[in-house]
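Written below as structure tokens is the structure these notes are about.
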Amino acid sequence: MNNYPNVGAGLKKMFIAQIGIIVCTVLAIIPIINIIAGIGAIVFAVISIVGLYGAGKDIEGCKKAFIITIVNIVISIFASAASGSTFFSTLFSIAGDICAFLIVYNVCTSVSAVLKDNGNAEIAAKGESVWKINFGCYVASIVISILAVIPFIKILAGIAGFILAIVSLVAGILYMIFLNKSYQAFGA
């Protein structure tokens, strides 16, 4: 896949960053280490963005995902400023979920299209499955965010949120597997 010299390295950075973010998230529950884990998570997020930018040099969908990532960062800043308002917190949470899904969607569909065109239909099919599973998770997350505002339904939304966290973890692992297989297919 000589026509895509930056994609493999970019996807590899994204894959490594995803693993690093998960490790840092787990370490964040340990007192004292949590500060270092927070800094590590930021570093890995930057590595992921750099990888996405690199892949975006060759694949238009990854370039779109990079731009959406920047928009999502801005939304996160506004969400932090609006943390006192339930309405605005929910609104920014929904906007963040939509952006997060669009990032996964654009990466999976555009990389899958290139892989399929270059004879890697099996990996391409995994990408298609990954974005569809993530779509279900993000839709459920948005529904739970809305339901959590309703006083009598908060408990059910909390239970559903716990279940969704487990399903989202599986979806994230599938995304990482897709990134791993994709960067290897691109020869990185």
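The values are calculated or read from the model by the stated rules, or taken from the named source; none is laboratory data. Being a predicted model, the structure only gives us computed values, none of them experimental. Note that we place each Cβ from the backbone using ideal geometry, even for glycine, and neighbour counts take in every protein chain shown. The protein model used for the area step is the full one, side chains on, heavy atoms only, and it has no ligands, DNA or RNA in it. Shrake-Rupley method; radii C 1.70, N 1.55, O 1.52, S 1.80 Å.
A compact table of results
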{"item": "Test result for residue 130, closer than 25 Å to residue 90 by Cβ, touching a residue at least 12 places away in the same chain (Cβ under 8 Å) and either of a type outside the set (S, T, N, Q) or touching a Phe, Trp or Tyr at 6+ places or on another chain (Cβ under 8 Å) (or both)", "result": "no"}
{"item": "Any hit, the range 65-81, residues being part of a loop (DSSP other than H, G, I, E, B) and either touching a Phe, Trp or Tyr at 6+ places or on another chain (Cβ under 7 Å) or of a type in the set (Ser, Thr, Tyr) (or both)", "result": "no"}
{"item": "From the options 156, 91, 115, residue that is assigned to a helix (DSSP H, G or I), out of contact with any Gly (no Cβ under 9 Å at 6 or more places or on another chain) and crowded, with 16+ Cβ neighbours inside 10 Å", "result": "91"}
{"item": "Subset of the range 50-88 [under 27 Å from residue 154 (Cα atoms) and open to solvent by 50 Å² or more (accessible area, probe 1.4 Å)]", "result": "76, 77, 78, 80, 81, 83, 84, 86, 87, 88"}
{"item": "Given (1) open to solvent by less than 50 Å² (accessible area, probe 1.4 Å); (2) over 23 Å from residue 120 (Cα atoms), index of the condition residue 22 fails", "result": "(1)"}
{"item": "Single residue of 125, 160 found to be within 27 Å of residue 15 (Cβ to Cβ) and more than 18 Å from the chain's Cα centre (by Cα)", "result": "125"}
